[in-house]
Amino acid sequence: QCDTALRNIVRLYPYDVAKNVDTTGDGIADEGSLRGSSEVVAARIRNEIQSKVADAGLEIIEARITYLAYSTEIAAVMLQRQQASAIIDARKMIVDGAVGMVEMALDRLKANSVVELDEERKAAMVSNLLVVLCGNQNAQPVVNSGSLY
């Protein structure tokens, strides 16, 4: 009975938080998961087992998942997803920082009257700074011997 109840409940929940998944059975998408909603999962397992053994006069006080293992293939895919998510988060942080630095550079150039840039040159400067600040490799300087315009 316990195995069946456990399988019935565990198959409803993603391992990690997944958007637009109904894990409570109420028809409304939520963000429940085996990792993040352990109390909810434990209560549902307990209730499922209790419904199966109530006729025998047994009372289930607590039911919990103490060990959760996945096949090698599934674990590898989960790790890949986790790594991709970390890369995306890092990229967002890099872009936010780069945009802030570009804004600061433009503001300081204007405030200190260092140089007057038209919109086209501002766009070129912004593009160049973002490429350098967001790139994976160090910038390779290029010296232009002629006029850009």
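The values are calculated or read from the model by the stated rules, or taken from the named source; none is laboratory data. Just so it is clear, the structure is predicted and the values come from calculations on it, not from any experiment. FYI the Cβ positions are ideal-geometry reconstructions off the backbone, even for glycines, and counts take in every protein chain you see.
Structure values in brief
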| item | result |
| --- | --- |
| Criterion (surrounded by 10 or more Cβ atoms within 10 Å (Cβ to Cβ), at pLDDT below 90 and touching a helix residue (DSSP H, G or I) at 6+ places or on another chain (Cβ under 9 Å)) met by exactly one of Leu117, Leu130, Leu148 | Leu117 |
| Only one of Ala69, Ala86 that is closer than 30 Å to Leu34 by Cβ, surrounded by fewer than 10 Cβ atoms within 10 Å (Cβ to Cβ) and either free of Cβ contacts under 8 Å to residues at least 12 places away in the same chain or small (Gly, Ala, Ser) (or both) | Ala69 |
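Yes/no matrix, rows are residues, columns are (1) under 30 Å from Ala5 (Cα atoms); (2) in contact with a Leu (Cβ under 7 Å, 6 or more places away or on another chain):
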position	(1), (2)
Gln50	yes, no
Ile61	yes, no
Leu68	yes, yes
Val77	yes, no
Ala90	no, no
Ile94	no, no
Met104	no, no
Ser113	no, no
Gln140	no, no
